[in-house]
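Report on the structure given below.
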Amino acid sequence: MSPTEHDAQAYAILGQRYAYATASLILGLACFVNLAGLEKALLAIVFGWLALKSQPGPPLRDRRLWAKVGIALGAVVLVVVPTVVLLNIDRLREVVAALARLGDGR
């Protein structure tokens, strides 16, 4: 592979990593818009991890913080939402029963 082809491939990989870091940050923030958005949290973690991978080179330098914040926000949502649901399962059952009664017209 010639040096120019190698440089072009390196820039393409670096651009892809920038996109992964940006997607990770946006998905990490979007998790809080819809509190049941666990799929977005998982995607934020995956994209952040892909952005921070060291191979194939070149490594991500400029937007490492974006990827790390996306991973952190996704992890927070993956821990907090199931914990809140499990701690309030009795209240959720009452809410579901009340909604069922409303749906029946009683």
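Can you pull out the residues in the stretch 49-69 that are within 15 Å of LEU25 (Cα to Cα), of a type in the set (D, E, K, R) and surrounded by fewer than 17 Cβ atoms within 10 Å (Cβ to Cβ)?
Scanning the stretch 49-69 gives ASP62, ARG64.
Scanning the stretch 19-48 for residues that are aromatic (Phe, Trp, Tyr) and either loosely packed, with under 14 Cβ neighbours inside 10 Å or not in a helix (DSSP H, G or I) (or both) yields a single hit, PHE32. Just one of (1) closer than 30 Å to GLY15 by Cα; (2) assigned to a helix (DSSP H, G or I); (3) modelled with pLDDT under 90 fails for LEU102. It is (1). Being modelled with pLDDT of 90 or more, surrounded by fewer than 19 Cβ atoms within 10 Å (Cβ to Cβ) and within 13 Å of LEU25 (Cβ to Cβ) holds for only one residue in ALA97, ALA72, and it is ALA72. You will find that of GLN9, GLN16, the residue that is modelled with pLDDT under 85, of a type outside the set (A, V, I, L, M), part of a helix (DSSP H, G or I) and at negative phi is GLN9 and no other. Restricting attention to the stretch 1-51, which residues are of a type outside the set (Ser, Thr, Tyr), touching a residue at least 40 places away in the same chain (Cβ under 8 Å) and over 20 Å from VAL81 (Cβ atoms)? Scanning the stretch 1-51 gives ALA10, ILE13, LEU14, ARG17, ALA21, ALA23. Checked against the criterion of being more than 30 Å from ALA8 (Cβ to Cβ) and touching a Cys at 6+ places or on another chain (Cβ under 7 Å), the candidates LEU73, LEU42 yield just one match: LEU73. Taking first residues from the stretch 58-83 that are outside any helix (DSSP H, G or I) and partners that are of a type outside the set (Asp, Glu), the Cβ contacts under 6 Å between residues at least 6 apart in sequence or on separate chains come to PRO58/ALA10; PRO58/LEU14; LEU60/ARG17; LEU60/ALA51; ARG63/TYR18; ARG63/ALA21.
The values are calculated or read from the model by the stated rules, or taken from the named source; none is laboratory data. What you see is a predicted model, and the numbers here were worked out from it, not measured in a lab. As a convention, Cβ positions derive from the backbone with ideal geometry for all residues, glycine included, and neighbour counts pool all protein chains shown.
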